[in-house]
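Contents: one structure, followed by commentary.
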Amino acid sequence: GVRTRITDDRLFLPYAALAYAEATGDASIWNEHAPYLADASIPEGKRDLYCVMREGEKKEPLYLHCARAIDLTLEKGAHGLPLMGGGDWNDGMDRVGDGGGESVWLGWFFAYCAARFAELLERLGADGAAHYRQYAAEAGSAADAAFNGKWYLRALYADGEALGGGERIDSVAQSWAVLSGFGSETRAASAM
């Protein structure tokens with residue numbers, strides 16, 4: 001297996017679990033107990049860790065694994081967008097995330113996952129739905145603000161320099177403005 005510093009990697013667990021439960025109607029997965037991994041953290045100064053991953057002793061229900069994954073993605077940059085970490089959507093963005101680069105696409109993706117997770121918590125009768133709704137609204141608003149009058153930016157480097165939104169745009173930021181449900185109708189229509 002692999003461990004990375006890529007921030008969006010964390011969100012694919014709640015995204016996939018929510019999609020699975022919705023497609024199958026199987027709500028029993030949320031209370032299935034699954035182990036966390038016991039292996040070492042990524043060594044300081046390294047971008048990733050490839051090794052055989054071992055199961056740890058601690059087990060929790062899947063919905064708590066998903067909550068932890070979302071909570072690990074709460075850190076924001078100066079523009080209120082999630083920090084990219086070692087890359088996002090593809091690892092070719094790894095240098096953009098260095099030192100605090102922010103991702104517009106990840107803002108949409110985070111908002112989508114957090115909002116749907118809030119709905120799940122309400123269905124389960126679990127605590128925290130209001131917090132996840134707030135996280136979703138904040139991330140969606142920050143992503144929507146990264147609009148240049150025609151398109152959404154793809155990301156912002158740590159120094160605030162914009163990536164995308166000019167002659168070279170990235171479809172993932174435009175598409176997820178619509179898919180997330182958090183892009184303003186006028187801006188998302190223009191971007192698409």
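The values are calculated or read from the model by the stated rules, or taken from the named source; none is laboratory data. Keep in mind the model is a prediction, meaning the values are calculated, not measured. Cβ placement follows ideal geometry from the backbone for every residue including glycine, while neighbour counts extend to all protein chains displayed. Just the protein is used for accessible areas: all its heavy atoms, side chains included, with ligands, DNA and RNA removed. Shrake-Rupley method; radii C 1.70, N 1.55, O 1.52, S 1.80 Å.
Every test in (1) touching a His at 6+ places or on another chain (Cβ under 9 Å); (2) within 16 Å of residue 10 (Cβ to Cβ); (3) of a type outside the set (Ser, Thr, Tyr); (4) assigned to a loop (DSSP other than H, G, I, E, B) is passed by residue 74 save one, and that test is (1).
One line per residue, one yes/no per condition, for (1) surrounded by 11 or more Cβ atoms within 10 Å (Cβ to Cβ); (2) in contact with a strand residue (DSSP E or B) (Cβ under 9 Å, 6 or more places away or on another chain); (3) on the phi < 0 side of the Ramachandran plot:
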position: 3; (1), (2), (3): yes, yes, yes
position: 12; (1), (2), (3): yes, no, yes
position: 48; (1), (2), (3): yes, yes, yes
position: 54; (1), (2), (3): no, yes, yes
position: 76; (1), (2), (3): yes, yes, yes
position: 81; (1), (2), (3): yes, yes, yes
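In this structure, is residue 175 out of contact with any Lys or Arg (no Cβ under 9 Å at 6 or more places or on another chain) and surrounded by fewer than 17 Cβ atoms within 10 Å (Cβ to Cβ)? Answer is no for this residue. For beta carbons closer than 9 Å, sequence separation of 6+ or different chains, a first residue in the range 52-63 that is without any contact (Cβ under 8 Å) to a residue 24 or more places away in the chain and under 14 Å from residue 14 (Cα atoms) and a second that is among the aliphatic types (A, V, I, L, M) and surrounded by 13 or more Cβ atoms within 10 Å (Cβ to Cβ), there are no qualifying pairs. Residues in the range 24-46 that are open to solvent by less than 80 Å² (accessible area, probe 1.4 Å), farther than 18 Å from residue 124 by Cα, of a type outside the set (Gly, Ala, Ser) and in a loop (DSSP other than H, G, I, E, B): 39, 42, 43. Would you call residue 149 modelled with pLDDT under 95, open to solvent by 40 Å² or more (accessible area, probe 1.4 Å) and assigned to a helix (DSSP H, G or I)? So residue 149 fails the test. Restricting to the range 64-74, and then to whatever is closer than 18 Å to residue 109 by Cα and free of Cβ contacts under 8 Å to residues at least 24 places away in the same chain, can you tell me which residue is farthest from the chain's Cα centre (by Cα)? Here the answer is 68. Considering the conditions (1) touching a His at 6+ places or on another chain (Cβ under 9 Å); (2) within 30 Å of residue 164 (Cα to Cα), residue 59 is excluded by exactly one of them, (2). Considering the range 152-171, and only residues there that are small (Gly, Ala, Ser), closer than 13 Å to residue 77 by Cβ and in a loop (DSSP other than H, G, I, E, B), the residue that is most open to solvent (accessible area, probe 1.4 Å) turns out to be 158. Filtering the range 76-123 down to residues that are at pLDDT below 95 and among the acidic types (Asp, Glu), which residue is nearest to residue 28 (Cα to Cα)? This residue is 88. Selection of the range 56-72 for residues being at pLDDT below 95 and open to solvent by less than 40 Å² (accessible area, probe 1.4 Å) yields only 56.
Residues that are among the small types (Gly, Ala, Ser), touching a Leu at 6+ places or on another chain (Cβ under 6 Å) and open to solvent by 10 Å² or more (accessible area, probe 1.4 Å) within the range 101-128 comprise just one, 128.
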